[in-house]
Amino acid sequence: MTSKLVTRALEQEGLSSILEARERGQVASDAETLEALGRADVLVLGAAADIARRRECSDEARIYVPSPPAQTTSLVVIDAREALRGTALLRKIATLRLQGPLGARIVVDWGAMGLEIGQIALSFGATDLAGPMASRRGLPMLDAEDQKKLVKRREIAAYVARAGFRAVFVQTDDPGQSLFVAPLASRAHVES
């Protein structure tokens, strides 16, 4: 359920019609829609993208470990190749959600973009996260290649839960093997 404040902001920014079209199974891509997306306040744009994401995709946020899957027409990967950062990046993710195919997966590589941006991106239309993870035992380790801190499974699950989604871990480190999806049953059962 969307609050009256958000509904009013969506109407004022001209984004309600975009959401209504998506609910009817249509992706609006006319000049008026593109203009509305470009001029909209970034927080209202994020709210619209979050509404679309929640309607079109489940509450599941896939966590691809240790790397993102290959990009396809229905799966977009935001990784180190992306030059945008901060609010410009969040605006791009929200626009991808509102202009992209219905139910498309948008994966943010936290190893390249940062875990905080990854978490926020989930509320701006992204569906999934990807990145390296620490071993099950001991303290987080440093990745020798880029010296970024690796995080533990429970940390990622908590970031995802705080964004309002359910973490589902997908192993991507064996290219010859199909993706293994292992849902989190509860916090008590999350491996560290």
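Paramagnetic label reach from ASP41 (point 7 Å along Cα→Cβ; backbone nitrogen cut-off under 12 Å): within region 1-21, residues 5-14.
Each residue, LEU5 and ALA31, gets one label point 7 Å from its Cα in the Cβ direction; the gap between the two is 3.7 nm. Please say if region 1-109 is rounded, prolate or oblate, where rounded means a/c under 1.5 for a ≥ b ≥ c the square roots of the C-alpha gyration tensor eigenvalues, and otherwise the choice is prolate for a/b larger than b/c and oblate otherwise? The shape class here is prolate. For ARG166, the residues 5 or more places off, or on other chains, whose built amide H falls under 5 Å of its own are GLU60, ALA61.
What the phi angles of region 75-89 give under the Karplus curve with 6.51, -1.76 and 1.60, with θ = phi - 60°, is a coupling list of 9, 9, 10, 9, 9, 4, 5, 6, 7, 6, 9, x, 5, 5, 5 Hz, glycine and proline written as x. Each 5 Å bin from 0 upward holds the following percent of the Cα-Cα pairs of region 21-69: 5, 16, 18, 22, 16, 12, 9, 2, 0.
No value in this document is a laboratory result; all are computed from the given coordinates. Keep in mind that this is a model prediction, so the values were computed, not measured. Positions of Cβ are backbone-derived with ideal geometry, glycine not excepted, and every protein chain shown enters the neighbour counts.
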